[in-house]
Amino acid sequence: KMAHRIWVTVKPGAKKEEVREIAAGEYVAFVHAPAREGKANLALVEILADYFSVAKSSVNIIRGQTSRKKLVEIG
């Protein structure tokens, strides 16, 4: 299966965890975790793995580790 790349804007500290597609290949992810010590990134990987029904090891943040907007490879 081909890996595909998507842009994800992360909203840390959200009340409800969810992923929303806002455009083709562009998503917003709401996570409970705060944006510190990589916690939001870990939460993002978990929520995206769940959303796309893939293993967590199949979700890689390629760019934007420290920014809200991230390039993520799925698969």
Within region 38-48, can one find any residue that is modelled with pLDDT of 95 or more, open to solvent by less than 60 Å² (accessible area, probe 1.4 Å) and not in a helix (DSSP H, G or I)? no
What are the residue pairs meeting all of these: first residue in region 2-14, first residue more than 19 Å from residue 32 (Cα to Cα), second residue open to solvent by 40 Å² or more (accessible area, probe 1.4 Å) and small (Gly, Ala, Ser), Cβ atoms under 7 Å, and 6 or more apart or on different chains? 2/75; 3/75; 4/75
Just to be sure, is residue 46 touching a Lys or Arg at 6+ places or on another chain (Cβ under 7 Å), closer than 23 Å to residue 2 by Cα and of a type in the set (D, E, K, R)? yes
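The values are calculated or read from the model by the stated rules, or taken from the named source; none is laboratory data. Source: prediction; values computed, not measured. No Cβ is skipped: glycine too gets one built from the backbone with ideal geometry, and neighbour counts run over all protein chains shown. All accessible areas refer to the heavy atoms of the entire protein, side chains included, with ligands and DNA or RNA removed. Shrake-Rupley method; radii C 1.70, N 1.55, O 1.52, S 1.80 Å.
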